[in-house]
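Undergrad: Sharing a structure here in structure tokens format.
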Number of protein chains: 2
Amino acid sequence: MRLKIYSVSRMFLRMTITPSTLFAALAHDIRLRCLMLLLRHDELCVCELTHATGAAQPHVSRHLAQLRELGLVADRRAGLWVHYRIHPELPAWVVAVLRETAAGVADQAPFTDDDQALSTMPNRPSAARCA
Amino acid sequence: MRLKIYSVSRMFLRMTITPSTLFAALAHDIRLRCLMLLLRHDELCVCELTHATGAAQPHVSRHLAQLRELGLVADRRAGLWVHYRIHPELPAWVVAVLRETAAGVADQAPFTDDDQALSTMPNRPSAARCA
DNA sequence: CGGTTATATGCGGTTGAAGATATATTCCGT
DNA sequence: ACGGAATATATCTTCAACCGCATATAACCG
């Protein structure tokens, strides 16, 4: 079964997450890396995720949109910045899968590098500045 | 990153399973259903998986081959039958992800139906018959 | 109202995973 | 060695996810 997660309207949020759609989301490099980053840091904005992954901004933004449409992440606008976080109402088994994955790959590339790049990011928009 | 799991030679088995390759494997309907069935039953042959899922035999066989090439399952030939099982040497976090998924979707379609179809399969090759 | 920064989306081209069908392979019984 | 059953693979076509780039939107500030 092919999975179409591009053109899901924002109106259909909170749809049930099926295993196939979840794993299709996790199968993509950038999407998985963003989720792993969001697991470790409560909230991150697009520029932080862009810096951490080293990917192009439209690339990150597009994949975040897919995660949002699937209901895996939630976003919060604060001024110019849009803060993403793991969706607070995920099914328990989805959270379990994410956490087991994070625990299993925490010490591998590129996940460690992403964390490193994030921590050394200059002019990082702190929560105090843009909340 | 695109994932190519078709043409991996059998010589390169036991390669490290990356999150991306794992989730790409789990993202496919038939592959996930086969894995969920194999989690509940120690060993199943192709005809059992074919019957349980209702898919065409070449279809099931091809996807089992992909799972084998990724190192997610192991196969054992016994006469005409080839028995598949979850690979006994999977990394702990991979097993954890599989188990959490199974626990989360056990009561959903099509997984319950697959189990039901398997249990009512006639002339099922028992382990005693073809081991 | 312009200018700047942060983020989102539209579009065309590429590519490779997936499906269907036919066919090959492997093994057993006789 | 032959036929049949279980499984694997080859080939072709299709189609949608992906990428890069350009551009649009949104919010803040003077």
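Undergrad: Name every residue in the range B:69-82 that is away from DNA strand D (no atom under 12 Å from the Cβ) and exposed (fewer than 14 other Cβ atoms within 10 Å of the Cβ), in order of residue number.
TA: If the condition is that a residue be away from DNA strand D (no atom under 12 Å from the Cβ) and exposed (fewer than 14 other Cβ atoms within 10 Å of the Cβ), then no residue fits.
Undergrad: Using the structure shown, decide if B:Thr53 is modelled with pLDDT of 95 or more and within 16 Å of DNA strand C (Cβ to nearest atom).
TA: Spelling it out, B:Thr53 is indeed modelled with pLDDT of 95 or more and within 16 Å of DNA strand C (Cβ to nearest atom).
Undergrad: With respect to the numbered conditions (1) away from chain B (no Cβ under 14 Å); (2) near DNA strand C (Cβ under 9 Å from one of its atoms); (3) open to solvent by 20 Å² or more (accessible area, probe 1.4 Å), which one is the sole condition not fulfilled by A:Asp42?
TA: (2)
Undergrad: Which residues, counting only those in the range B:83-96, are more than 14 Å from chain A (Cβ to nearest Cβ) and surrounded by 17 or more Cβ atoms within 10 Å (Cβ to Cβ)?
TA: Of everything in the range B:83-96, those that are more than 14 Å from chain A (Cβ to nearest Cβ) and surrounded by 17 or more Cβ atoms within 10 Å (Cβ to Cβ) turn out to be B:His83, B:Tyr84, B:Ile86, B:His87.
Undergrad: Which ones in the range B:103-121 are facing chain A (nearest Cβ under 9 Å) and open to solvent by 20 Å² or more (accessible area, probe 1.4 Å)?
TA: Selection gives B:Ala103, B:Gln108.
Undergrad: Now for a separate question. Return the pairs, sorted by first residue and then second, in which the second residue is more than 12 Å from DNA strand D (Cβ to nearest atom) and outside any loop (DSSP other than H, G, I, E, B), the first residue lies in the range A:52-75 and is within 14 Å of another protein chain (Cβ to nearest Cβ), the beta carbons are less than 6 Å apart, and the residues are 6+ apart or on different chains.
TA: That search, which allows pairs on different chains as well, returns A:Thr53/A:Asp114; A:Leu67/A:Val73.
Undergrad: Could you grab me the full set of residues in the range B:48-63 that are open to solvent by less than 50 Å² (accessible area, probe 1.4 Å) and under 12 Å from B:Leu118 (Cα atoms)?
TA: Once the filter is applied, which keeps residues that are open to solvent by less than 50 Å² (accessible area, probe 1.4 Å) and under 12 Å from B:Leu118 (Cα atoms), the range B:48-63 yields B:Glu48, B:Leu49, B:Thr50, B:Ala52, B:Thr53.
The values are calculated or read from the model by the stated rules, or taken from the named source; none is laboratory data. Every value quoted in this text rests on a predicted model; they were computed, and no experiment measured them. Every residue, glycine among them, receives a Cβ derived from its backbone with ideal geometry; neighbour counts consider all protein chains shown. Surface accessibility is based on the protein's heavy atoms, side chains included, excluding ligands, DNA and RNA. Shrake-Rupley method; radii C 1.70, N 1.55, O 1.52, S 1.80 Å.
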